[in-house]
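Trainee: Okay, here's the structure, questions in a sec.
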Amino acid sequence: MDSQSEKSLVVTGLDRRGSGRATQGWANGFLGMLIFSGSLPATRVAVLELDPLFLTAVRAAIAALLALCALWVTRQARPARADLPALLSVAIGVVIGFPLLTALALQHTTSAHSLVYIGLLPLATACFGVLRGGERPKPAFWAFSVAGGLLVAAFALSQSSGGGWQGDALMVGAVLLCGLGYAEGAVLSRRIGGWQVISWALALALPLTLAAAILTAPGGWPAVSGGAWLSLFYVSVFSMWIGFIFWYRGLAQGGIAAIGQLQLLQPFFGLALAGLVLHERVQPAMIAVMAGVLVCVFGAKRFAR
């Protein structure tokens, strides 16, 4: 076999491995997105009976205790000092910032209305991926990504019955913090692993979240319904920990900007849950917007690299 043939085989092998890793990234990212889809409807149920500050603190504290058990059982090495700033960004963005701001927003708006803002997450994640992850998607990627974000934003602004401006402002802040946390966590996942990133970030925030949970705990526990407790369980175990295990792994395998576009699909599943579980009205216009967003996701996927 000549040297040219050997080089061709090596390139083919690398392409196949890269393609397989990207496919795994999309599969893991989709599972993470699917788990996150129940977060806002579950949070909406919980904040009707639980204080948003308590909900934010206790969900993170519960997830941190589970994460610490996993870290101890598997004997994971402590993160390097150089990784602490990135872990702090993850903790601020996805452990504290996004859950708190969304919980506050859902006191002013419905989960169906707030879910539309999740469509802006891919654009925020892609921008932070460029700034922090060094990714450089093709121009066509940005065209599809911006189109999807504009569809979502235009629909949200056209709805005057979804809630006050406070809810919209809080959701925009939540999206920006979450995009930063996604990008920082994905970059760090390439070195220490996806589930380790979210676990150490939760552990880093535990002193604050545990103290806040104790200070803001409601006095009348019997008044809290089973539905609120079930929602708290979901956002603590699945939204706060398990979902990130798949999500960060997917971002690290398939690319921050590319896999981040899956968040455009989250409102589809979230709106379905809001209609089925909360009996919130899902307007036909929402479905039309999400159909256009779906086209943008596949377009962005094609030109992500």
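Trainee: Does the range 100-112 include one or more residues that are farther than 16 Å from Gln263 by Cβ, in contact with a strand residue (DSSP E or B) (Cβ under 6 Å, 6 or more places away or on another chain) and in contact (Cβ under 8 Å) with a residue 40 or more places away in the chain?
Mentor: Within the range 100-112, one or more residues are farther than 16 Å from Gln263 by Cβ, in contact with a strand residue (DSSP E or B) (Cβ under 6 Å, 6 or more places away or on another chain) and in contact (Cβ under 8 Å) with a residue 40 or more places away in the chain.
Trainee: Given Leu40, Leu71, which one is in contact with a Leu (Cβ under 7 Å, 6 or more places away or on another chain), buried (at least 17 other Cβ atoms within 10 Å of the Cβ) and either of a type outside the set (Gly, Ala, Ser) or closer than 15 Å to Ala203 by Cα (or both)?
Mentor: Leu40
Trainee: Which one of these is surrounded by fewer than 16 Cβ atoms within 10 Å (Cβ to Cβ), free of Cβ contacts under 8 Å to residues at least 12 places away in the same chain and within 25 Å of Leu84 (Cβ to Cβ): Pro284, Pro207?
Mentor: That would be Pro207, the only listed residue that is surrounded by fewer than 16 Cβ atoms within 10 Å (Cβ to Cβ), free of Cβ contacts under 8 Å to residues at least 12 places away in the same chain and within 25 Å of Leu84 (Cβ to Cβ).
Trainee: Confirm whether Gln76 is under 24 Å from Lys301 (Cα atoms) and either open to solvent by 50 Å² or more (accessible area, probe 1.4 Å) or modelled with pLDDT under 85 (or both).
Mentor: no
Trainee: Testing Leu87 on (1) at pLDDT 90 or above; (2) of a type outside the set (Gly, Ala, Ser); (3) open to solvent by 20 Å² or more (accessible area, probe 1.4 Å), one condition comes back false. Which one is that?
Mentor: Just one mismatch for Leu87, condition (3).
Trainee: Answer yes or no as to whether Gly179 is at pLDDT below 90, of a type outside the set (A, V, I, L, M, F, W, C), open to solvent by less than 50 Å² (accessible area, probe 1.4 Å) and at positive phi.
Mentor: Spelling it out, it is not the case that Gly179 is at pLDDT below 90, of a type outside the set (A, V, I, L, M, F, W, C), open to solvent by less than 50 Å² (accessible area, probe 1.4 Å) and at positive phi.
Trainee: Can you pull out every residue in the range 105-132 that is surrounded by fewer than 21 Cβ atoms within 10 Å (Cβ to Cβ) and closer than 24 Å to Trp241 by Cβ?
Mentor: Arg132
Trainee: Pairs only if they're at least six apart or on different chains, beta carbon under 6 angstrom, first in the range 35-57 and farther than 15 Å from Leu101 by Cα and touching a residue at least 40 places away in the same chain (Cβ under 8 Å), second of a type in the set (Lys, Arg) and open to solvent by less than 10 Å² (accessible area, probe 1.4 Å); list them, first residue then second.
Mentor: Here the result reads none, with nothing in the range 35-57 linked to a residue that is of a type in the set (Lys, Arg) and open to solvent by less than 10 Å² (accessible area, probe 1.4 Å).
Trainee: Here's something else I'd like to know. Scan the range 114-135 and tell me whether some residue there is within 20 Å of Pro267 (Cα to Cα), of a type in the set (S, T, N, Q) and either out of contact with any Phe, Trp or Tyr (no Cβ under 9 Å at 6 or more places or on another chain) or at pLDDT 85 or above (or both).
Mentor: Yes - at least one qualifying residue is present in the range 114-135.
Trainee: Quick check on the range 138-157: of everything there that is surrounded by fewer than 21 Cβ atoms within 10 Å (Cβ to Cβ) and either in contact with a Phe, Trp or Tyr (Cβ under 9 Å, 6 or more places away or on another chain) or at pLDDT below 70 (or both), which residue is nearest to Ser39 (Cα to Cα)?
Mentor: Among those that are surrounded by fewer than 21 Cβ atoms within 10 Å (Cβ to Cβ) and either in contact with a Phe, Trp or Tyr (Cβ under 9 Å, 6 or more places away or on another chain) or at pLDDT below 70 (or both), it is Ala153.
Trainee: Give the range 52-109 a look and list any residue that's out of contact with any Lys or Arg (no Cβ under 7 Å at 6 or more places or on another chain), in a helix (DSSP H, G or I) and not hydrophobic (A, V, I, L, M, F, W, C), or say none.
Mentor: Selection gives Pro52, Thr56, Arg59, Arg81, Asp83, Pro85, Ser89, Gly93, Gly97, Thr102.
Trainee: Do the conditions hold for Ala201, that is, is it in a helix (DSSP H, G or I), modelled with pLDDT of 85 or more and in contact with a Cys (Cβ under 9 Å, 6 or more places away or on another chain)?
Mentor: No.
Trainee: So if I check each of Phe244, Phe238, which one is surrounded by fewer than 24 Cβ atoms within 10 Å (Cβ to Cβ) and either without any contact (Cβ under 8 Å) to a residue 60 or more places away in the chain or within 15 Å of the chain's Cα centre (by Cα) (or both)?
Mentor: Result: Phe238 is the single residue among Phe244, Phe238 that is surrounded by fewer than 24 Cβ atoms within 10 Å (Cβ to Cβ) and either without any contact (Cβ under 8 Å) to a residue 60 or more places away in the chain or within 15 Å of the chain's Cα centre (by Cα) (or both).
Trainee: Something else about it: Within the range 247-276, can you find the residues that are open to solvent by 20 Å² or more (accessible area, probe 1.4 Å), closer than 16 Å to Arg190 by Cβ and aromatic (Phe, Trp, Tyr)?
Mentor: Listed by number, the list is empty, since nothing qualifies.
Trainee: Is at least one residue of the range 215-234 aliphatic (A, V, I, L, M), open to solvent by 10 Å² or more (accessible area, probe 1.4 Å) and in contact with a Phe, Trp or Tyr (Cβ under 9 Å, 6 or more places away or on another chain)?
Mentor: yes
The values are calculated or read from the model by the stated rules, or taken from the named source; none is laboratory data. This one's a predicted model, so the numbers in the text were calculated from it and none came from an experiment. Note: ideal-geometry Cβ built from the backbone for every residue, glycine included; neighbour counts use all protein chains shown. Ligands, DNA and RNA are stripped out before the accessible areas are found, and what is left, the full protein with its side chains, is counted by its heavy atoms. Shrake-Rupley method; radii C 1.70, N 1.55, O 1.52, S 1.80 Å.
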